[in-house]
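Have a look at this one.
The values are calculated or read from the model by the stated rules, or taken from the named source; none is laboratory data. Keep in mind the model is a prediction, meaning the values are calculated, not measured. FYI the Cβ positions are ideal-geometry reconstructions off the backbone, even for glycines, and counts take in every protein chain you see.
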Amino acid sequence: MPEKMNLTDAEWREKLTPEQYRVLREAGTERAFTGKYEKNKAAGEYLCAACGQPLFDSEAKFDSGSGWPSFTRPMAGDAVEEHRDTAHGMVRTEVVCARCEGHLGHVFPDGPRDAGGLRYCINSAALDFKPEDN
């Protein structure tokens, strides 16, 4: 389990862009098809934009057509945490970074069946990308 990272609201606001803060700290969502990693096909790792923890590998990324980066699984079982989300009159499963508890997105049971059937639908604003070393 990653060591927890706790910053004050003021420290988070200083560290993150306004859009990152809205998504990661206020559980916001970027508009579909607007995120910088939605179409990214490069090999590498996706990290939490707030704390740098490795979250998803590019090998688990797929084009879901949803408008957000989608992954079949996190890099490690303890990289993310899942919580029941009943906001907006829906019941969903929220995905947060296990280290800093930043909101990443949601996980849905409509992913590729041959890869476990899950779709981690993640906001680009919650991610940084580290290209694979060649």
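Only residues that are within 21 Å of TYR21 (Cα to Cα) and within 10 Å of the chain's Cα centre (by Cα): list them for the range 72-93, please.
VAL80
In addition: Looking at the range 3-18, I want the residues that are surrounded by 12 or more Cβ atoms within 10 Å (Cβ to Cβ) and have a partner that is β-branched (Val, Ile, Thr) with Cβ atoms under 7 Å, at least 6 apart or on another chain. Which pairs are those?
The qualifying pairs do not exist here.
Something else about it: Can you pull out every residue in the range 1-37 that is touching a helix residue (DSSP H, G or I) at 6+ places or on another chain (Cβ under 6 Å), outside any helix (DSSP H, G or I) and more than 22 Å from GLU81 (Cβ to Cβ)?
If the condition is that a residue be touching a helix residue (DSSP H, G or I) at 6+ places or on another chain (Cβ under 6 Å), outside any helix (DSSP H, G or I) and more than 22 Å from GLU81 (Cβ to Cβ), then LYS36 is the only one that fits.
Sticking with this structure for a sec: Hey, among ARG99, ARG113, which residue is farther than 20 Å from PRO18 by Cα and modelled with pLDDT of 95 or more?
It is ARG99.
Would you check if there is a residue in the range 78-93 being over 20 Å from ALA50 (Cβ atoms), modelled with pLDDT of 95 or more and of a type outside the set (Asp, Glu)?
There is no residue in the range 78-93 that is over 20 Å from ALA50 (Cβ atoms), modelled with pLDDT of 95 or more and of a type outside the set (Asp, Glu).
Taking the criterion of being among the acidic types (Asp, Glu) and more than 15 Å from GLU59 (Cβ to Cβ), would at least one residue in the range 117-129 satisfy it?
The answer is yes; a qualifying residue exists.
To continue, here is another question. Does the range 57-65 contain any residue that is more than 17 Å from MET5 (Cβ to Cβ), among the small types (Gly, Ala, Ser) and in a loop (DSSP other than H, G, I, E, B)?
yes
Only one of (1) closer than 30 Å to GLU14 by Cβ; (2) of a type in the set (Lys, Arg); (3) touching a Gly at 6+ places or on another chain (Cβ under 7 Å) fails for ARG31. Which number is that?
Condition not satisfied by ARG31: (3).
Any chance the range 81-96 includes a residue that's crowded, with 19+ Cβ neighbours inside 10 Å, in contact (Cβ under 8 Å) with a residue 12 or more places away in the chain and out of contact with any Asp or Glu (no Cβ under 8 Å at 6 or more places or on another chain)?
Within the range 81-96, not a single residue is crowded, with 19+ Cβ neighbours inside 10 Å, in contact (Cβ under 8 Å) with a residue 12 or more places away in the chain and out of contact with any Asp or Glu (no Cβ under 8 Å at 6 or more places or on another chain).
So which residues in the range 66-80 are crowded, with 18+ Cβ neighbours inside 10 Å and either without any contact (Cβ under 8 Å) to a residue 24 or more places away in the chain or not in a loop (DSSP other than H, G, I, E, B) (or both)?
Answer for the range 66-80, where residues must be crowded, with 18+ Cβ neighbours inside 10 Å and either without any contact (Cβ under 8 Å) to a residue 24 or more places away in the chain or not in a loop (DSSP other than H, G, I, E, B) (or both): SER70, PHE71, VAL80.
Looking at the range 97-134, which of the residues that are in contact (Cβ under 8 Å) with a residue 24 or more places away in the chain, in contact with a Leu (Cβ under 7 Å, 6 or more places away or on another chain) and part of a loop (DSSP other than H, G, I, E, B) is surrounded by the most Cβ atoms within 10 Å (Cβ to Cβ)?
ASN123
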